[in-house]
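Notes follow once the structure below has been shown.
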Amino acid sequence: MGDAQEPNGKPGEPRLNRRERIYQWFDRRTGIGSLMHEALDEPIPGGARWAYVFGSVLLFLFISQTITGVFLSLYYAPTADHAHTTVAYIVKEVTGGSFLRSLHAYGSSAVVIVLLLHLTQTFLYGAYKGRREVLWISGCALLGLMLAMAFTGYLLPWDQKAYFATTVGTNMASEVPLIGSTLKRLMRGGNEMGTLTLSRFFVAHVFLLPGAILGLIAAHVYLFRKAGAAGPPSEDPIKPRLPTERFYPRQVLMDTAVALLMICVLGLLSHFSPTDLGPQANPADTQYVPRPEWFYLPVFQWLKYFKGSLAVVGIVVIPTLTAILITALPFIDRRLERRPWRRPFAVGIYLAILATLITFGWLSRHEDRLDPAIAKQVAKQTEETEQFMREPFEPEAAASSLSAPVVVVLDPLAAAGKKIYESESCDACHGENGVGTSAAPKLSGATAQRSPEELAKLLRHPTEKMLAGEMKPVDVPEDDLKALVAYIKSLK
Amino acid sequence: MEINPSSSHEQADHAKAADQRAAEVAAISRRSFLGALLGFGTVVVGAALSVPLIRFALHPLLTKTTEIGWSDIGKIEEFASLTAPLKKLITVDQRDGWRKIVSEKAIYVLPIKDGVLRVLSPICPHLGCSIPWIEAKQQFICPCHTAIFTLDGTRVSGPAPRPMDDLESKVDNGMLKVRYQYFRQLIPTKEVLA
Ligand code: FES
């Protein structure tokens with residue numbers, strides 16, 4: 001090909017084969033070569049390790065959650081009226097629906113687990129040290145946003161446990177001093193949990209949080225590359241001395257292997273033990289014992305110890321202080337020493353926090369099992385959920401639906417009126433049960449709400465406009481007219 | 001860092017360069033083997049996972065999600081000895097994904113003629129009023145523009161462009177069932193409205 005502007009290299013340079021030429025053509029236009037170099041040739045001091053896989057696995061899980069989430073939204077409707085029906089439809093009817101929903105639900109748990117592992121690895125390796133404060137803070141922000149994703153996503157199925165767990169969760173916001181009740185109403189879109197709460201949680205879960213997470217992931221990866229991989233704990237965090245190995249291929253292989261293993265585990269779990277869906281949320285149920293998702297159990301248990309005026313300490317003060325402590329860690333712990341055994345105090349505190357969380361989580365389960373009343377109620381709730389899962393899918397009657405039974409439960413007078421309505425051929429124009437046709441307006445609704453006297457008068461003496469529309473004056477005995485009016489009134 | 005361009009040095013340089021190239025080639029082939037392994041694994045798992053995703057998205061194409069089902073009219077014995085058209089109300093369930101639209105419709109069951117049981121839609125093919133059976137005149141007479149039809153729905157007079165419309169019916173386990181449909185008005189042929 002005579003590409004005059006791009007001679008095929010200087011004479012004497014080896015001639016490129018076809019594949020190389022195509023690659024060169026593409027590279028000159030896109031810079032794919034330097035992009036791949038940038039992405040894959042990151043040097044890792046001390047070489048690839050399994051300990052470094054968690055960041056990539058998190059990125060992979062985020063992508064998986066995005067894909068399954070987008071697909072789930074194909075059949076989901078975020079209103080209090082429809083949310084539960086649509087999720088039941090996904091679980092019970094749509095091909096692969098139960099599997100996909102389970103993948104998404106288990107995926108959220110996996111994100112939390114891998115986040116913890118990532119955090120633990122970074123902490124134990126002292127990988128936040130040496131000009132990595134901003135990188136660390138962006139990671140903490142991501143942790144917070146991911147937990148918010150789990151919290152908002154939990155409500156969306158609108159079943160009993162979703163509804164009541166979120167009621168408790170949003171109630172906690174009201175403990176914040178000064179702005180508490182405003183905050184709670186802001187989250188709920190009102191004083192009570194309702195369809196506006198669901199809309200808000202949906203928008204946060206599907207648009208706002210993922211957008212913020214995407215931006216922060218980009219920043220986090222950029223900052224990581226800027227600071228460079230920290231390497232093992234013995235490495236100098238600012239001027240690495242160990243021989244380096246490139247990210248590709250070994251580290252990429254390890255990352256991908258763990259990611260594949262992860263998705264296989266999630267897939268098997270989803271297939272053999274799909275996530276269940278409970279009965280639709282019933283706000284009037286006063287017996288329901290709400291329990292949050294497992295990773296919120298420690299916090300849930302923790303809050304039990306702060307009653308009354310102390311609640312603000314448990315709900316607001318201590319969690320805020322903990323969050324600040326964790327976020328500010330690189331500013332507090334400024335030494336460059338990274339080896340965990342040389343930092344017993346920091347590592348001790350970290351392990352203590354971790355142990356506390358695990359203990360609280362266990363205690364929460366344990367106390368539920370010990371309290372017979374709660375154990376009984378929890379067993380009942382489980383039974384109700386299993387019962388609901390066994391029932392076949394029941395489609396929701398559309399608002400325009402006319403449910404036959406409603407028409408049947410008429411008082412005798414209205415029932416007689418219905419006969420007259422049909423024998424006088426009113427239904428010919430006003431439709432069965434007064435739903436209206438192209439020939440005449442509907443009688444249900446506004447018309448049925450007029451006074452009986454007014455209706456009787458209109459039937460006997462239709463207005464000019466009605467006559468013009470071919471409405472005929474009704475010529476029946478007075479008693480029959482009464483019945484007819486009663487029937488029309490029943491159509492409301 | 002060779003400053004002295006002596007021939008022996010040049011030779012050594014060449015040898016070194018050759019070694020380096022050989023090492024690079026080995027590294028590259030190792031890389032591409034691992035890359036291939038990686039790519040293969042990813043493709044297999046990716047393909048396995050995209051199957052449920054695609055099936056999920058194609059669900060409405062693989063199964064019927066919107067259709068009008070069969071509605072019960074009544075036991076077949078009820079209609080064995082009819083002498084005049086009988087008006088019956090049926091409940092029509094229409095599925096629309098996760099919703100159903102329930103409505104009550106009227107239909108006419110005609111007296112059996114030549115062993116055939118027919119079900120008529122009462123909707124006038126003129127402008128869609130519903131047509132009552134007028135016992136006294138033994139005719140269907142539309143109240144809107146007085147289109148008149150015989151006992152079996154044949155057009156007698158009036159503005160209707162065609163006879164009354166037959167509905168698809170069947171007998172299942174002694175139960176007469178009908179599939180309710182609407183037909184286009186004002187045209188001489190019967191055409192189902194989607
Ligand atoms: S609608 Fe029946 S005759 Fe016009």
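What follows is calculated from the coordinates using simple rules that are stated; it is not laboratory data. In this text the structure is predicted, and so the values were computed from the model without any measurement. In this analysis, Cβ positions are derived from the backbone assuming ideal geometry, glycine residues included, and neighbour counts consider all displayed protein chains.
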Cα gyration tensor shape of segment A:27-80, rounded if a/c is under 1.5, else prolate or oblate by comparing a/b with b/c: oblate
Burial order of peptide ranges A:446-452, A:141-147 (average beta-carbon count within 10 Å, highest first): A:141-147, A:446-452
Residue order, fewest to most surrounding Cβ atoms within 10 angstrom, among B:Lys75, B:Lys113: B:Lys113, B:Lys75
J(HN,Hα) series, segment A:43-54, from Karplus relation 6.51 cos²θ - 1.76 cosθ + 1.60, nearest Hz, glycine and proline x: x, 10, x, x, x, 5, 8, 5, 5, 8, 6, 4
Chain A: calculated mean residue ellipticity at 222 nm from DSSP helix runs of at least 4, using -39500 (n - 2.57): -19000 deg cm²/dmol
Under 5 Å, built H, 5+ apart or other chain: amide partners of B:Ile73: B:Leu176, B:Lys177, B:Val178
For residues of A:90-97, the mean tally of beta carbons on other chains within 10 Å: 5
Peptide-level mean, for A:74-86, of C-beta atoms on other protein chains within 10 Å: 2
Sequence of B:Trp70, A:Trp158 once ranked by neighbouring C-beta atoms within 10 Å, starting from the fewest: B:Trp70, A:Trp158
Net lengthening on full extension, B:Gln20/B:Ile68 (0.36 nm per residue, minus Cα-Cα): 9.8 nm
FRET efficiency for B:Ser50 and A:Glu478, using Cβ-Cβ distance with R0 set to 60 Å, rounded to 0.05: 0.25
Net dipole in debye of segment A:1-137 [+1 Lys, Arg Cβ; -1 Asp, Glu Cβ; about Cα centre; nearest 20]: 260 debye
Efficiency of FRET between B:Ala136 and B:Asp166 - r from beta-carbon atoms, R0 30 angstrom, step 0.05: 0.75
Candidate aspartates and glutamates - alpha carbon under 15 Å from B:Lys190, same-chain residues fewer than 8 apart omitted: B:Asp165, B:Asp166, B:Glu168
Highest-first arrangement of A:72-78, B:77-83, A:212-218, where packing means the average Cβ count within 10 Å: A:72-78, A:212-218, B:77-83
Per-pair calculated FRET efficiency, R0 = 41 Å: A:Val313 and A:Asp333 via Cβ, rounded to 0.05: 0.95
On Cα atoms only, tilt of A:478-490 relative to the major axis of chain A in degrees: 0 degrees
Taking segment A:137-288 and dividing mean pair separation by its residue count, relative contact order in percent (alpha carbons under 8 Å, at least six apart): 32 percent
Label-to-label distance, nm, for residues given as A:Ser199 and A:Trp25 (7 Å Cα→Cβ offset): 5.3 nm
Amide H partners (placed H, <5 Å) of A:Arg246, local residues excluded: A:Ile44
Farthest toward positive dipole pole in the protein assembly as shown [+1 Lys/Arg, -1 Asp/Glu at C-beta], among A:Leu116, B:Ala147, B:Ala160: A:Leu116
Local electrostatic count, A:Thr195, Cβ distance below 12 Å [Lys/Arg +1, Asp/Glu -1]: 0
Under 22 Å from the Cα of A:Lys184 - lysines, other chains or at least 8 residues apart: A:Lys161, A:Lys304, A:Lys307
Phi to ³J(HN,Hα) by Karplus 6.51 cos²θ - 1.76 cosθ + 1.60 over segment A:130-144, Hz, x for Gly, Pro: x, 6, 10, 4, 5, 4, 4, 4, 5, x, 5, 4, 4, 4, x
For chain A: relative contact order, % (alpha-carbon pairs under 8 angstrom, 6 or more apart): 19 percent
Hz values of 3J(HN,Hα) by residue in segment A:145-162 - Karplus curve (6.51, -1.76, 1.60), Gly and Pro given as x: 5, 5, 5, 5, 4, 5, 5, 6, x, 4, 6, 3, x, 6, 9, 3, 5, 4
Computed label-point distance, nm, for sites A:Glu192 and A:Glu38 using a 7 Å Cα→Cβ extension: 5.4 nm
Other protein chain Cβ atoms within 10 Å, averaged over every residue that makes up A:419-426: 2
Cα→Cβ-extended label distance, 7 Å offset, between B:Thr150 and A:Arg460, nm: 4.4 nm
Residues in segment A:125-142 reached by a label modelled at A:Ile238 [backbone nitrogen below 13 Å; 7 Å Cα→Cβ]: A:129-133
For segment A:285-367: rounded, prolate or oblate by the Cα gyration tensor [a/c cutoff 1.5]: prolate
Anisotropy class of the protein assembly as shown from Cα gyration tensor, a/c 1.5 cut: prolate
Least to most buried among B:Val45, A:Val313 (fewest other Cβ within 10 Å first): A:Val313, B:Val45
Whole-number percent relative contact order across segment A:346-492, with pairs defined as alpha carbons under 8 Å at least 6 apart: 26 percent
Contour minus Cα-Cα distance for B:Glu78 and B:Ala36 (0.36 nm per residue): 7.8 nm
